[in-house]
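The values are calculated or read from the model by the stated rules, or taken from the named source; none is laboratory data. Worth saying up front: this structure is predicted, and the values here are computed from it rather than measured. We place every Cβ from the backbone using ideal geometry, glycine too, and count neighbours over all the protein chains shown. For accessibility, only protein heavy atoms count, side chains too; no ligands or nucleic acids. Shrake-Rupley method; radii C 1.70, N 1.55, O 1.52, S 1.80 Å.
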Amino acid sequence: MPTLYAQGDLLIERVADIEPTGTILAPATSGETVLAEGEVTGHRHAIFEAVTMFRDDALARDIPSGLYVGHVRVDGDAVKLVHDEHDAIVLSRGTFRVRRQRELEPRDARVVLD
Amino acid sequence: MVATSALGAALAPQAPPQPSSSWLGPADRAAAEAAVREIYAVARLSPPQIVWAASPVALARHWKVRRHTAGDSVRGVLLDTVINRAMSAARRSDVGGGLDALRSSLPDLTAMLAHEGQRAGVGALARLHLAGNVLRALMRRRPWHSFRAVSLSPYDLRWLLDPKLPERVAASERAAVSAAATLVGNAGWIVPHVHTCWLSDKPLVLSLDDRGRLHAKNGPAIRYKDGWHRYAWKGIEVPGAFVDHPERITLNAIDSQTDIFVRRCLIEMVTPKRFIYMGGADLVMRDETGTLWRRTWPRGDAWAAVEVVNGTPGPDGQLERYVLQVPPELETARAAVAWTYGMTDQQYRSLVVRT
């Protein structure tokens, strides 16, 4: 089973190390790689060391639609995933798949018929 | 492989539509009327009489009374001669695929207004969700009564407002496409018949959530200058009294709802955490991942949420608790938390760190 890390509403899953495919997602102009912006607080899940972030939907077919954020490849030493409201998570060399958290919506409500 | 801005690329395919100035405010009636005449000319139709209405519902009411003297609907003709050709041209050159994102915009709003127009057009049917079967029966028997079948929604046509579109179409079609864009940018709903073309004004208020659904925490989510308005929460129409007076959202009010979607909206408006603390749900079980709560109502309706605790203390040293709504059939808190990440509880057992 792949190792999982959770930082707030993000789940990071160590997967088999692979070369980036799909779309390479460039870092922000200030240099950090932002995995996700906080919808309410504006706090970001970010990595300030050099990593490669990419998005390839073919690698996320087993994830429910809309949850897949992308993959992060750590080529060098360990990096830190930081967030203002959560302790940092250390990611060592390898490839990680990142997904966001979901919640049931009012429109998803349905009557259960036993 | 294409390098692009991280968040821009990640979010662009799902970028929600947001109201722009072209969606709101008074219509430029002169520009819209000129555009109607040009589009009719392209379709080899004589210039119609143009009738304005302050809202799509007022339009539908007027259309109901006058449609017998307006000639046949030419919606299909205009779609074939102008709009679908523009769509084809745009699609041929839409290498980025942005067109599909625009086309799929605002299904809730379009459906809501089409239903409203339908209701106004076929008579005073009391409630949308009760009227559905009656409307469908009417439409089967008398298809010319279908407002949806004769109207064009500005929200379905807003891809015409892409400023690059005229460059993408053949020169011979450019004038027609430009006229269609002018019409969509300067009017609301459109109901074209041979002799009469009805146009509605644009809304004064249009509020959407970050997924492009009709949504407003305060006041109506959509309002026209004739006063017609609707309150909505995440694309679902809700009673305005609860938006304007949230203190009225009591457990009794939630229990009293017969519409399960409205009931869910009320729980969200009061917040799931407060709903639980008010005593609205029953404790199912606790495990190391969180606490599972559930509530059932008669007739098979059930709601559930998992309460979890932040792994990192806040500035005050406290661990913040938050509540996530989950499918009611889940039996453990672990399964519920796993579901929020799209996993099984077995997969979620591999979690080593939570901060």
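Residue-wise test of (1) of a type in the set (Gly, Ala, Ser); (2) at pLDDT 85 or above; (3) surrounded by fewer than 18 Cβ atoms within 10 Å (Cβ to Cβ).
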site: B:18; (1), (2), (3): no, no, yes
site: B:21; (1), (2), (3): yes, no, yes
site: B:25; (1), (2), (3): yes, no, yes
site: B:29; (1), (2), (3): no, yes, yes
site: B:33; (1), (2), (3): no, yes, no
site: B:40; (1), (2), (3): no, yes, no
site: B:44; (1), (2), (3): no, yes, yes
site: B:49; (1), (2), (3): no, yes, yes
site: B:53; (1), (2), (3): yes, yes, no
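Can you find a residue in segment B:290-309 that is among the aliphatic types (A, V, I, L, M), touching a residue at least 40 places away in the same chain (Cβ under 8 Å) and closer than 30 Å to residue A:89 by Cβ?
The answer is yes; a qualifying residue exists.
Report yes if residue B:259 is open to solvent by 50 Å² or more (accessible area, probe 1.4 Å) and within 33 Å of the chain's Cα centre (by Cα), otherwise no.
no
If a residue must be away from every other protein chain (no Cβ under 12 Å) and at positive phi, how many such residues does segment B:223-253 contain?
Number satisfying all stated conditions: 1.
Filtering segment B:297-355 down to residues that are more than 7 Å from every other protein chain (Cβ to nearest Cβ) and among the β-branched types (Val, Ile, Thr), which residue is surrounded by the fewest Cβ atoms within 10 Å (Cβ to Cβ)?
It comes out as B:344.
Out of the residues in segment A:35-55 that are closer than 13 Å to residue A:91 by Cα and of a type in the set (Gly, Ala, Ser), which is most open to solvent (accessible area, probe 1.4 Å)?
Checking each candidate, the answer is A:50.
Looking at (1) outside any loop (DSSP other than H, G, I, E, B); (2) open to solvent by less than 40 Å² (accessible area, probe 1.4 Å); (3) modelled with pLDDT of 95 or more, which is the one condition that is false for residue B:199?
(3)
Report the residue count in segment B:254-282 for those that are facing chain A (nearest Cβ under 8 Å) and among the small types (Gly, Ala, Ser).
Selection size over segment B:254-282: 0.
Could you say which residue among B:192, B:154, B:163 is open to solvent by 30 Å² or more (accessible area, probe 1.4 Å) and away from chain A (no Cβ under 14 Å)?
Exactly one residue qualifies, and that residue is B:163.
Just give me the residues in segment A:72-111 being part of a loop (DSSP other than H, G, I, E, B) and within 12 Å of the chain's Cα centre (by Cα), in sequence order.
Residue satisfying the conditions is A:101 alone.
Here is a yes/no grid of residues against (1) closer than 21 Å to residue B:350 by Cα; (2) surrounded by fewer than 21 Cβ atoms within 10 Å (Cβ to Cβ); (3) more than 11 Å from every other protein chain (Cβ to nearest Cβ):
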site	(1), (2), (3)
A:2	yes, yes, no
A:7	yes, no, no
A:11	yes, no, no
A:16	yes, yes, yes
A:33	no, no, no
A:67	yes, yes, no
A:93	yes, yes, yes
A:101	yes, yes, no
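Suppose we filter B:264, B:286 for residues that are of a type in the set (Lys, Arg) and closer than 22 Å to residue B:217 by Cβ; which single one remains?
From the options B:264, B:286, the qualifying one is B:264.
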